[in-house]
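The values are calculated or read from the model by the stated rules, or taken from the named source; none is laboratory data. Only a predicted model underlies this, so the values are computations on that prediction, with no experimental measurement involved. As a convention, Cβ positions derive from the backbone with ideal geometry for all residues, glycine included, and neighbour counts pool all protein chains shown. Each accessible area value is taken on the protein alone, full model and side chains, heavy atoms only, with ligands, DNA and RNA left out. Shrake-Rupley method; radii C 1.70, N 1.55, O 1.52, S 1.80 Å.
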Amino acid sequence: MLKTVDLSKRFGGNNLVLDGVSVAFDEASVTAIMGPSGSGKSTLLHALSGLDRPTSGTVSIDDRELTDLSEAELAQLRLVTFGFVFQQPHLLSSLSVLDNVVLPGFLAKQEPRQTIVERGRELMERVGIADLADRAITEASGGQLQRVGICRALINKPKILFGDEPTGALNSATSATILDIFHDINHEGTTIALVTHDPVVATHADRVLILVDGTIADDVTLGAYHPNDHQERLAHINGLMAARGV
């Protein structure tokens, strides 16, 4: 459903960050993108999601070419079709927690306001932060704010959820909760692509891409996650990373 062909990205004219990347992401898959610092992980994610335009090559979703879209069309695609979870949730301090969650739904104008608010409350209940609905952002912990960000990302029922180090600022217990939420989302049919430096997070993916110097050095299929396989998957990923000097 999402693919790149010969994707390249240069910054400043000569700094080649992505070098001819061709990769496809299947519907309802979970892909972890790993690699050393400066390998092009976040740049690839930004190109896949329309946050940045490639220098050359193509990105397409369901045969719709992103590089042919206007900025307004890309913005609408990011609002409705894609969801984003970053290491920091980038919430608006002037809005309540619930208002932050439902804002993208109001902007999309695809459903009545009451329907959007009800969905926002349902999402917050699901991730265990329903009691924060009317509170200020400053009254929530880091882990709670990350869950607010997830609810906001899901308010428009995106086809693809992108994560850029979504657990990077969280403790292990909160990270586990976030990964459980991602599993639930994926089982409902959402495709997930996330950048992570954490092999523990990557074990929860069914596929791992390792980027080195802007190219895909490894493309490994792990299959569906099961807790009984966790240590074996972790050892496999650690071995791949060690082989690439990460």
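Numbers at a glance
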quantity: Charge dipole magnitude, Cβ of K and R +1, D and E -1 - the stretch 78-177, Cα centre, debye nearest 20; calculated: 340 debye
quantity: Extension gain from residue 136 to residue 5, taking 0.36 nm per residue of separation minus the Cα-Cα distance; calculated: 42.8 nm
quantity: Antiparallel DSSP beta bridges within the chain, percent to nearest 5; calculated: 55 percent
quantity: Residues of the stretch 103-246: accessible area per residue with a 1.4 Å probe, Å²; calculated: 47 Å²
quantity: Net length gained if the chain between residue 92 and residue 232 were fully extended (0.36 nm per residue, minus Cα distance); calculated: 46.3 nm
quantity: Distance between modelled label sites at residue 64 and residue 113, nm, 7 Å Cα→Cβ extension; calculated: 2.7 nm
quantity: Residues residue 121 and residue 173, FRET efficiency given R0 of 22 Å [Cβ-Cβ distance, rounded to 0.05]; calculated: 0.35
quantity: Fraction of accessible area attributable to carbon and sulfur, the stretch 27-106 (%, probe 1.4 Å); calculated: 50 percent
quantity: Dipole moment magnitude, nearest 20 debye, the stretch 1-142 about Cα centre, only Lys, Arg, Asp, Glu C-beta charged; calculated: 300 debye
quantity: Distance (nanometres) between label positions extended 7 Å along Cα→Cβ at residue 16 and residue 183; calculated: 4.2 nm
quantity: All lysines inside 22 Å of residue 157 as judged from Cα atoms, apart from same-chain residues fewer than 8 positions distant; calculated: 3, 109
quantity: Helix-derived mean residue ellipticity, 222 nm - over the chain, DSSP H n ≥ 4, -39500 (n - 2.57), to 500; calculated: -11500 deg cm²/dmol
quantity: About the Cα centre, charge dipole magnitude for the chain (Lys/Arg +1, Asp/Glu -1 at Cβ), debye; calculated: 380 debye
